[in-house]
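Below: the structure, in C-alpha cells.
Nothing in this text is a laboratory measurement; each read-out follows from the coordinates by a stated rule. Model, not experiment: these values are computed from the prediction. Glycine also receives a Cβ, built like all others from the backbone with ideal geometry; neighbour counts cover every protein chain displayed.
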Amino acid sequence: LRFIREVPRAKTKAELEALAEQQAVEEKARAAAEKQKQQDDMLLHRFGSYEEISQARERKMSELKGKVSILQGNLNGIRKKIENLQIKAANMEREGKGVADFILEKMKILRKSEAETQATIALRKQEIEEETRKYHEFAERYKQIKSVAKKAVSAD
C-alpha cells in the first residue's frame, strides 16, 4: 500500500451550513464596512469642519420651522373661517331659518382642509426630529473620523 497524499475528509452537512453562515456574516460585515466608508467619504466631502455641520443643521431647522410656521398660520386662518361660518349658521338658526347648504358644504371643506393641514404640520415636526437626529449623527461620526485621523497622524 502506497501513500500518495492525504485528502481531508468531506465536511458534514452541519459543517457546510456553519461555513456558509460564517461566510454570510463576513460578507454582511464587508458590505456594512463599505457602506460606512461611502457615508464617511460623503461626510468628509460635504463638510469641511464640525462647525459647517452645525451651520447646515441650523439652516435646515430654520427652513423646516419656517414651513411649520406658515402651516400654523394657514391652520389659524382655516379655523377662523370655520368659526365665522359657525357664527353665521347660529345666527340663521336663531332667526328660525335653516342653515344654508352652501355654509354646511363650506364648513365640511374647511374641516377637511384643517385635518390635512394638521397632518402636514405633524409630518413637518417629525421631519424636524429626523433631521435633528441625522445631523447629530453626522456631527458625532465626523468627530470620530477626525479623532481617528489625528491618532493615525500622531502615531506616525
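Can you pull the Kirkwood radius for segment 40-109, inverse mean 1/r over Cα pairs, to one decimal in Å?
16.1
Given Cβ point charges of +1 (Lys, Arg) and -1 (Asp, Glu) and nothing else, what value in debye, to the nearest 20, does the dipole of segment 1-95 about its Cα centre take?
It comes to approximately 200 debye.
Can you divide the C-alpha Rg of segment 1-50 by 2.2 N^0.38 Å and report the result to two decimal places?
Segment 1-50 yields a ratio of 2.24.
With each pseudo-label sitting 7 Å past Cα toward Cβ, what's the GLU58-ASN91 distance in nm, one decimal?
Modelled inter-label distance: 5.0 nm.
Restricting the calculation to Cα positions, tell me the Rg (one decimal) and the Dmax (whole number) of the chain in Å.
Looking at the chain, its Cα Rg and Dmax stand at 31.7, 119 Å.
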